[in-house]
Amino acid sequence: MLTLDPAPHPAHDPLALDCDLAIIGGGIVGATLAAALRGSGLRICLFEANSLNGLKQRQRAYAVSLLSSQIFTGIGIWNKIAPQIAPFRRIQLSDADYGRTVGFGPEDVGLPALGYVAEHQILTAELQAFLATSPQVQWRWEAQVTQVEPGTDYTVVHYHQGEEAKQVKTRLVVGADGARSPIRQQAQIHTKGWKYWQSCVTFTIRHQNPSNDTAYERFWYDGPMGVLPLPGNRCQVVWTAPHAEAQALQALAPDEFLARFAERTQHSFTGLEVISDRFLFPVQLMQSDRYSQPRLALIGDAAHCCHPVGGQGLNLGIRDAAALAEVLTTAHRNGEDLGSPAVLKRYERWRKPENWVILAFTDFLDRFFSNRIAPIVALRRLGLWGLHLIYPAKILALRLMTGFLGRRPQLAKLGE
């Protein structure tokens, strides 16, 4: 069991430290932080409970925003990622059986694409390959963190690899260990939020449409559906529905499920087939009361979770990683203590308000569109009409979706 009981330590001796920061969680967000710190001069230990190959096996795909692509470019790995993933050049929003849709195109941002869709194994593999060439990053695979002892000048991370008990002394611990973060819980950092009445069914389809460059957000009375293009005329689908209905969808016979999907998408795809398992996960909104305390910072799902509408979740974590890397690099350059409250509060003041905006935006979208209340139905359809006609409103919505609303990390500026 993970504990965070303070323990007395001898006077700080920099030479006795095993690393400058320990990242707990080697998924995409944790690995992005380590990659963003390459060249900073900081020594990093990256702890991951899975094996090297096990971490890559997750069957999932993510929307990658334009800002996230610029962050990966600034890190130096986008040229390896881009040929393996799918760009989308258009976004189409629609509301149930309402005939009018709102479309966004590359002309609205002056760039060739509005975003990308990347499979988990591709992002993970390229981050791992990049970090394998970084001598200052040490992986701890199949490492179970059992205890964290924060002291005045450094923290001791206790962990097991197999039957062997080990420890690492570090200046800062970063929790990147997911929505149920043991690091956050044992640090007694509370959260606010709620579980939605909905779950998501995720799966991959293949179709025979002549083009595959549009991302669809199809709102419906019981929940939105995102359809994101993948290479090879495939699409990743995230179908949100009330819990019981989502469970029933997962259990349907393949032919019946495909028929339901075709009906929901108004038969927009030809030659349809489902080519993956159907996975089910509940939806929640969560924001941590704080993102830091002395010698500890939280990033990604360990700090916050949002509704999947709009595909913002992973992108928030990537921005957290880039922001924290910038704060830590500057502090290290100035000779500051990385784990001090003064340093870590800079990261929290940067990211927490920006994440609140996205959490509120996704919550509003889901509640506003996932109901049959007649006045609200009329209002939202008027809103779609206004979004179509009022160009500044359309651009504001697009800036939210692409990640360009808010403070941009230095890495993103390098990646322009």
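The values are calculated or read from the model by the stated rules, or taken from the named source; none is laboratory data. The structure displayed is predicted, hence computed values, not measured ones. FYI the Cβ positions are ideal-geometry reconstructions off the backbone, even for glycines, and counts take in every protein chain you see. Areas reflect the complete protein model, heavy atoms only, side chains present, ligands, DNA and RNA absent. Shrake-Rupley method; radii C 1.70, N 1.55, O 1.52, S 1.80 Å.
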Over 21 Å between Cα atoms, which of Lys56/Lys192; Lys192/Lys352; Lys192/Lys345 qualify? Lys56/Lys192
Got a sec? What order do His160, His120 fall in by accessible area at 1.4 Å, biggest, i.e. largest, first? His160, His120
Dipole axis of the chain (+1 Lys, Arg; -1 Asp, Glu on Cβ), positive-most option in Pro341, Trp356, Phe279: Trp356
Determine the order of Leu127, Leu405 by accessible area, beginning with the largest, at a probe radius of 1.4 Å. Leu405, Leu127
Using only Cα atoms, figure out Rg for the range 272-396 and give it as a multiple of 2.2 N^0.38 Å. 1.39
Roll a 1.4 angstrom probe over the protein heavy atoms and tell me the percent of accessible area of the range 287-416 that is carbon or sulfur. 65 percent
Tell me which chymotrypsin sites (Phe, Trp or Tyr not before Pro) from the range 212-256 have a DSSP coil assignment and no more than 15 other beta carbons within 10 Å of their own. Tyr221
How big is the shadow of the Cα convex hull of the range 201-350, averaged over all directions, in nm²? 11.2 nm²
Expressed in square angstrom to the nearest 10, the accessible area of Arg349 with a 1.4 Å probe stands at 150 Å²
Above 25 angstrom, tally the Cα pairs of the range 44-179 and express them as a % of all pairs, no decimals. 47 percent
Solvent exposure of the range 305-416 as accessible area per residue, Å², 1.4 Å probe: 44 Å²
Could you give the accessible area per residue of the range 129-261, probe 1.4 Å, as a whole number in Å²? 44 Å²
For the range 115-168, treating each Cα as an identical point scatterer without solvent, what Debye log10 I(q)/I(0) comes out at q = 0.27 1/Å? -1.00
Binned at 10 Å from 0, what are the whole-percent values of the Cα-Cα distance distribution for the chain, short to long? 4, 22, 31, 24, 13, 5, 1
Considering only DSSP states other than H, G, I, E and B, which trypsin sites (Lys or Arg not before Pro) in the range 144-182 qualify as loop sites with at most 12 other Cβ atoms within 10 Å? Arg180
Angle between the Cα long axis of helix 254-264 and the longest principal axis of the chain, 0 to 90 degrees, nearest 10? 70 degrees
Quick check: Cα centre of the range 69-83 to Cα centre of the range 141-178, how many Å? 30 Å
Heavy-atom accessible area ranking, 1.4 Å probe, most first, across Val343, Val357: Val357, Val343
Using only protein heavy atoms and a 1.4 Å probe, report how much of His158 is accessible, in Å² to the nearest 10. 40 Å²
Run the dipole for the chain about the Cα centre, Lys and Arg Cβ at +1, Asp and Glu Cβ at -1, nothing else charged, and hand back the magnitude in debye, nearest 20. 880 debye
Where does each of 372-383, 55-66 land if you order them by average Cβ count within 10 Å, highest first? 55-66, 372-383
Among DSSP beta bridges lying fully in the chain, give the percent that are antiparallel, nearest 5. 70 percent
